[in-house]
């Protein structure tokens, strides 16, 4: 493997969301995150939601994220999607997290 395509950082909130999922779901997400690191964002399904907010679709799981310079992806919220449309409460939560993140996410 050459240099990674992207660096993926999970916020503390995303780590909590991830820890609440069953092991099989965690493995699915880890697999997609590794694909992004190795092959870039075209290796998984990514959807633009609004502004700087995007989602990674992994089966029925969603990871809401934003891009940062230097090919860094910061994941703020992870949840199991149960409806056609991404629930506003998760989008609002992600935007709030992004607004308040500190320099520790910008190595």
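The values are calculated or read from the model by the stated rules, or taken from the named source; none is laboratory data. Owing to the predicted nature of the structure, the values given are computational and were not obtained by experimental measurement. Cβ coordinates were reconstructed from backbone atoms using ideal geometry, including for glycine residues, and neighbour counts include every protein chain displayed.
List of remarks:
- The residues of region 45-71 include none that are free of Cβ contacts under 8 Å to residues at least 24 places away in the same chain and farther than 22 Å from residue 95 by Cα.
Condition check ((1) exposed (fewer than 12 other Cβ atoms within 10 Å of the Cβ); (2) in a helix (DSSP H, G or I); (3) at positive phi) across all residues:
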position	(1), (2), (3)
34	no, yes, no
54	no, no, no
67	no, no, no
77	no, no, no
82	yes, no, no
93	no, yes, no
97	no, yes, no
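- Of all residues in region 33-54, those satisfying the criterion of being in contact with a strand residue (DSSP E or B) (Cβ under 7 Å, 6 or more places away or on another chain) and closer than 13 Å to residue 73 by Cα are 33, 36, 37, 46, 52, 53, 54.
- Count of residues meeting criterion [in contact (Cβ under 8 Å) with a residue 24 or more places away in the chain and either at positive phi or within 12 Å of the chain's Cα centre (by Cα) (or both)] in region 7-22: 9
- So residue 25, is it exposed (fewer than 14 other Cβ atoms within 10 Å of the Cβ) and either under 11 Å from the mean Cα position of the chain (by Cα) or at pLDDT 95 or above (or both): no
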